[in-house]
Amino acid sequence: MSDHPFDIAIVGAGMVGASLALACAKAGWRVAVIEPAAPAEPDPDSEPELRVSALSAGSEAWLNRIGVWESMAKYRMAPFRSLSVWEAPSGPLRVLPGGRRLAHGARTTFEAQRLERSHLGHIVENGITRYALWQHLATHDRVQLFCPSSLKHLQQGSESVTLTLDSGDTIVASLVVGADGATSVTRKLAGIGTTRNQYRQQAMVINVRHEPPQQSITWQMFTPDGPRAYLPLPDAAGSSWGSLVWYDQPENLDELMALDEQGLMAAIRRAFPLELPDIDAAPARGRFPIAREHAHQYYRDRVVLIGDAAHTINPLAGQGVNLGFQDAACLGSLLGGGAPGADPGNPELLAQYESARRPRNQLMMDAMDLFYRFFSNNQPPLHLMRNLGLGLAGNLPFARDQVARYAMGIDETLPAPVESLLNRLA
Ligand SMILES: Cc1cc2nc3c(=O)[nH]c(=O)nc-3n(C[C@H](O)[C@H](O)[C@H](O)COP(=O)(O)OP(=O)(O)OC[C@H]3O[C@@H](n4cnc5c(N)ncnc54)[C@H](O)[C@@H]3O)c2cc1C
């Protein structure tokens, strides 16, 4: 048993927790990081990993601010310059050789060029982001890594919190940050409840090798069973790659998961639109239940939650980790410089964090819910409204570009009329 007096203990060095740990150490706080598994060094010759994230321009700015983006870019990432969204026709409008359907329907496209940016965001393998962050943490003299270790017990006092780890170590810190993901143990031990809704659809992620060149376009086609999405991956192992996300009912995904690689590729060709380049391999797949969950409080007695520990969101617009990075940036800037004698667990500071972040996270969760409900059914009036909506968005460049700037993290707020419309619809 050992006692370690720290200013801040961060439970979980996923992408979000590791980024806040680094920001706090750079600001002068003494930081403990508790994590069960260190990330492996990325292999530049390997095929891309299955778990990837679309990192917005806002996330890129945050990772740049803490000095990590350059380390990530030394590995590999795929910028995307355009994002297209459309609804699939309810029946096959045209069936082409190979059984593929040509998708029609109103479409809206967001272009980096229109926003005077070189790109809208990057698709990055989660392991690359985590490894780059970890390298910086491991060499920082104000950081002590407790790895492999998991949080087992918390004792919250008025001046400090005592954490007990499964390794037997005991840590004392003025502030504990729960960044341990959707099933956060920190949240449970601090007695913070959540509101949770399990969506009927699940997500299957499939890496496919396809004909070159690498695309710099990401797209999503909505169907009543769920969206079909394509994210471009960087060239790897001498080939071009893409990440497909196939949302569907669990029983349909059971069947897809049971197919061999050839069978899965045939199913992909039938279900995905012509925009998908020709594929010749689908070596990796995985499925993920999707849920919406929001903590009732973001802080309690010197324990504060960030990232998926505070909120999980339908991944349909790829916003989960981007919101988590916004939490980390917000808390990091409120904590500011680690001035001698300052208390990082000051409840006023934590209240400021919650009042800044909760409405933003709630808005994005509501918007994703709205999309999910709006597109996941076949009722004719909604079908018409969807097409009118997408058509209208495509023809209102100003409104469309404002929404894109918000979704990409370039602007922090939505134009007031759009925000109030969303709030009312939600
Ligand atoms: C299919 C799918 C696609 C997605 N695509 C995108 C996307 O394109 N863009 C996007 O922004 N988001 C996306 N997301 C969401 C994104 O993956 C999550 O929001 C993000 O990973 C959350 O990061 P986090 O660091 O908060 O939590 P996590 O990534 O869950 O990290 C939690 C960390 O805590 C550690 N931990 C757990 N328990 C303990 C314990 N007891 N003690 C100590 N440590 C512990 C874990 O080992 C882990 O390292 C997607 C999600 C899914 C399911």
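The values are calculated or read from the model by the stated rules, or taken from the named source; none is laboratory data. Predicted model only: the values in this text are computed from it and were never measured. Please note: Cβ atoms are built from the backbone with ideal geometry, for glycine as well, and neighbour counts cover all protein chains shown. Each accessible area value is taken on the protein alone, full model and side chains, heavy atoms only, with ligands, DNA and RNA left out. Shrake-Rupley method; radii C 1.70, N 1.55, O 1.52, S 1.80 Å.
Tell me the residue from 226, 238 that is crowded, with 17+ Cβ neighbours inside 10 Å, small (Gly, Ala, Ser) and under 25 Å from residue 124 (Cβ atoms), please.
226
Whether any residue in segment 343-360 is within 14 Å of the ligand (Cβ to nearest atom), under 28 Å from residue 293 (Cα atoms) and modelled with pLDDT of 95 or more is what I want to check.
Yes, segment 343-360 contains at least one residue that is within 14 Å of the ligand (Cβ to nearest atom), under 28 Å from residue 293 (Cα atoms) and modelled with pLDDT of 95 or more.
For residue 302, which of the numbered conditions (1) open to solvent by less than 40 Å² (accessible area, probe 1.4 Å); (2) within 13 Å of the ligand (Cβ to nearest atom); (3) of a type outside the set (A, V, I, L, M, F, W, C); (4) under 17 Å from residue 350 (Cα atoms) fails to hold?
(2)
Considering only strands (runs of 3 or more DSSP E) fully contained in segment 126-189, which possess at least 2 residues that are within 10 Å of the ligand (Cβ to nearest atom)?
151-156, 161-165
For residue 241, indicate whether it is at pLDDT 95 or above, within 16 Å of the ligand (Cβ to nearest atom), in contact with a His (Cβ under 8 Å, 6 or more places away or on another chain) and not small (Gly, Ala, Ser).
Answer is yes for this residue.
Can you pull out the residues in segment 31-48 that are under 28 Å from residue 166 (Cβ atoms) and either away from the ligand (no atom under 13 Å from the Cβ) or in contact with a His (Cβ under 8 Å, 6 or more places away or on another chain) (or both)?
31, 32, 41, 42
Would you please list the contacts, defined by Cβ atoms under 6 Å and residues six or more apart or on different chains, that run from a residue in segment 256-274 that is charged (D, E, K, R) to a residue that is surrounded by 15 or more Cβ atoms within 10 Å (Cβ to Cβ)?
Short answer, once both residue conditions are applied: 261/282; 269/100.
I'm trying to understand the selection: among the residues of segment 282-296, which are crowded, with 19+ Cβ neighbours inside 10 Å and away from the ligand (no atom under 13 Å from the Cβ)?
Result: 282, single match.
When the residues of segment 199-223 are filtered to those that are of a type in the set (Ser, Thr, Tyr) and in contact with a strand residue (DSSP E or B) (Cβ under 7 Å, 6 or more places away or on another chain), which remaining residue is most open to solvent (accessible area, probe 1.4 Å)?
Filtering first and then ranking leaves 216.
Of the residues that make up segment 21-30, is at least one away from the ligand (no atom under 16 Å from the Cβ) and either open to solvent by 40 Å² or more (accessible area, probe 1.4 Å) or of a type in the set (Lys, Arg) (or both)?
Yes, some residue in segment 21-30 is away from the ligand (no atom under 16 Å from the Cβ) and either open to solvent by 40 Å² or more (accessible area, probe 1.4 Å) or of a type in the set (Lys, Arg) (or both).
Sort out which residues of segment 282-320 are part of a strand (DSSP E or B) and either at pLDDT below 95 or of a type in the set (Phe, Trp, Tyr) (or both), and write them in order of number.
Passing the criteria: 288, 289, 290, 291, 292, 299.
What is the one condition in (1) among the hydrophobic types (A, V, I, L, M, F, W, C); (2) within 20 Å of residue 151 (Cα to Cα); (3) assigned to a loop (DSSP other than H, G, I, E, B) that residue 40 does not satisfy?
Exception for residue 40: condition (2).
Residue by residue through segment 371-390, note down the ones that are surrounded by 14 or more Cβ atoms within 10 Å (Cβ to Cβ) and at pLDDT 65 or above.
371, 372
In segment 321-345, what residues are touching a residue at least 40 places away in the same chain (Cβ under 8 Å), in a helix (DSSP H, G or I) and open to solvent by less than 30 Å² (accessible area, probe 1.4 Å)?
Answer for segment 321-345, where residues must be touching a residue at least 40 places away in the same chain (Cβ under 8 Å), in a helix (DSSP H, G or I) and open to solvent by less than 30 Å² (accessible area, probe 1.4 Å): 321, 322, 323, 324, 325, 327, 328, 329, 331, 332, 335.
Please find, among 168, 178, the residue that is within 29 Å of residue 39 (Cβ to Cβ), touching a residue at least 24 places away in the same chain (Cβ under 8 Å) and surrounded by 22 or more Cβ atoms within 10 Å (Cβ to Cβ).
178
Mind listing whichever residues of segment 69-81 are in a loop (DSSP other than H, G, I, E, B) and either basic (Lys, Arg) or within 12 Å of the ligand (Cβ to nearest atom) (or both)?
Selection gives 74, 76, 81.
If you take the residues of segment 49-68 that are in a helix (DSSP H, G or I) and touching a residue at least 12 places away in the same chain (Cβ under 8 Å), which of them is nearest to the ligand (Cβ to nearest atom)?
Only one residue fits best here, namely 59.
Quick one: would you say residue 195 is more than 14 Å from the ligand (Cβ to nearest atom), free of Cβ contacts under 8 Å to residues at least 60 places away in the same chain, part of a strand (DSSP E or B) and open to solvent by 20 Å² or more (accessible area, probe 1.4 Å)?
In short, no.
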